[in-house]
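Enquirer: Next up is a structure, given as structure tokens.
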């Protein structure tokens, strides 16, 4: 089975930030949290909706879905709603949700618990990452410090697998079934856990809700269209840093200082950019989308290996991470991995493109679509390099690059 | 109103009956799984309902398009 080209990092360098990570220097305890923020103000549903509408808060798990839309659907559904904090962070390269949970767990829980109260929900389900023991311990410790008579925290541990954090897979886990995606016939905000309206968001999203309730909108941060900040996991060849940046910040201020690197934006389901193009971009969900890139779950990676070779490794890994339940993914991703590998033999460009079309949109979750996005972006940003591989060459194997990397390593 | 045929992918096991009953809408990929490449218009609605009812895996649904 193919393993991930990068290992999970639970202990990244975490830089203090202007908003969510402002309390990162205080330590994770409830005392420090209360000293900085105080008790969470009680909020009713109308005030909460007005606040999230005004800030245009979008989900930070990768899909960037408007939080207010989900909240409205959950509030208008039939049955007592359920709130879910998704901390599974199935993308191995991402560390930002676990970093937030390890430094400011109470901000995340404040957002979820206050929303649960506003919705009349009695349970907040917290889904912990099975392959990140330090994060799990930090959230357990934070939960043990809290008392709430109206809202109960219910703990789950996700499987250590790429697709385990997908929302329907999380609902399956909560129902006691295998932690794998199933077909969603209705949005979970309408009918999710036990057919109740289920408001499921990732940890960073809940952190933003928490900070919003404590402090009001993030004035002076971000742009008019995208107020506030976002967490990023920034990975260089030997470094992992979690930092908070304002929307609209130049990508060049974020990129690790690696001259000869390819830039992967948005992680394994994301998009390649050349370093020249990446330097001209800004940190923006909509801006990157319009330019043909993806911010995904906030990953920015400088990859000093050949992007063709790296894509081959990532697609092989993603094919192995398929839950194996949906035919087009079960059969199509291994075929795609084989076709991407065959690019080195001067074959397969047509086959890659046919398989990408065949796989896309045909599965219970976004795994095939995300894999196709990565492969297509290789052709969009590194078509020359793909051609070079077909002719038996690789520009990234030049001796001076190899030498430079050795000197960095030593 | 047009309707769309949707596949419950984890349930589908490539039995292929849908493509036999409704070739106008469903073709099969190289592994035998359905490719739904157009919506179901009114004259095909009856056949589409047959395909939904007769799928041995109950893996098809008609939804509003």
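The values are calculated or read from the model by the stated rules, or taken from the named source; none is laboratory data. Given the structure is predicted, the values throughout are model-derived calculations rather than measurements. Please note: Cβ atoms are built from the backbone with ideal geometry, for glycine as well, and neighbour counts cover all protein chains shown.
Enquirer: Every residue in region B:30-57 that is in a helix (DSSP H, G or I) and within 14 Å of chain A (Cβ to nearest Cβ), please.
Expert: B:52
Enquirer: Being in contact (Cβ under 8 Å) with a residue 12 or more places away in the chain, within 22 Å of residue A:2 (Cα to Cα) and surrounded by fewer than 21 Cβ atoms within 10 Å (Cβ to Cβ) is the filter here, so list the residues in region A:333-355 that pass it.
Expert: A:334, A:335, A:341, A:344, A:345, A:351
Enquirer: Please go through region A:167-189 and give me each residue that is in a loop (DSSP other than H, G, I, E, B), within 14 Å of chain B (Cβ to nearest Cβ) and touching a helix residue (DSSP H, G or I) at 6+ places or on another chain (Cβ under 7 Å), ordered by number.
Expert: Matches in region A:167-189: A:178, A:179, A:180, A:181, A:182, A:184, A:187.
Enquirer: Identify, please: which residue in region A:320-332 is within 14 Å of chain B (Cβ to nearest Cβ) and in contact with a helix residue (DSSP H, G or I) (Cβ under 7 Å, 6 or more places away or on another chain) and is, among those, surrounded by the most Cβ atoms within 10 Å (Cβ to Cβ)?
Expert: Ranking the qualifying residues of region A:320-332, first place goes to A:329.
Enquirer: Go through (1) more than 17 Å from residue A:213 (Cβ to Cβ); (2) in contact (Cβ under 8 Å) with a residue 12 or more places away in the chain; (3) assigned to a helix (DSSP H, G or I) one by one and return the number of the condition residue A:32 breaks.
Expert: (2)
Enquirer: If you don't mind, another one. Return the only residue of A:391, A:383, A:291, A:395 being free of Cβ contacts under 8 Å to residues at least 12 places away in the same chain, farther than 30 Å from residue A:98 by Cα and either surrounded by fewer than 17 Cβ atoms within 10 Å (Cβ to Cβ) or touching a strand residue (DSSP E or B) at 6+ places or on another chain (Cβ under 9 Å) (or both).
Expert: Being free of Cβ contacts under 8 Å to residues at least 12 places away in the same chain, farther than 30 Å from residue A:98 by Cα and either surrounded by fewer than 17 Cβ atoms within 10 Å (Cβ to Cβ) or touching a strand residue (DSSP E or B) at 6+ places or on another chain (Cβ under 9 Å) (or both) holds for just one of A:391, A:383, A:291, A:395, which is A:383.
Enquirer: Another question about this same structure. Inspect all residues belonging to region A:42-58 and state whether any of them is in contact (Cβ under 8 Å) with a residue 12 or more places away in the chain, in contact with a strand residue (DSSP E or B) (Cβ under 9 Å, 6 or more places away or on another chain), closer than 15 Å to residue A:203 by Cβ and surrounded by 15 or more Cβ atoms within 10 Å (Cβ to Cβ).
Expert: For region A:42-58, residues in contact (Cβ under 8 Å) with a residue 12 or more places away in the chain, in contact with a strand residue (DSSP E or B) (Cβ under 9 Å, 6 or more places away or on another chain), closer than 15 Å to residue A:203 by Cβ and surrounded by 15 or more Cβ atoms within 10 Å (Cβ to Cβ): present.
Enquirer: While we're on this one: Can you tell which of A:351, A:362 is closer than 22 Å to residue B:14 by Cβ, in a loop (DSSP other than H, G, I, E, B), more than 20 Å from the chain's Cα centre (by Cα) and within 14 Å of chain B (Cβ to nearest Cβ)?
Expert: A:362
Enquirer: Quick test for you: out of B:23, B:10, pick the one residue that is modelled with pLDDT of 95 or more, more than 14 Å from every other protein chain (Cβ to nearest Cβ) and part of a loop (DSSP other than H, G, I, E, B).
Expert: B:23
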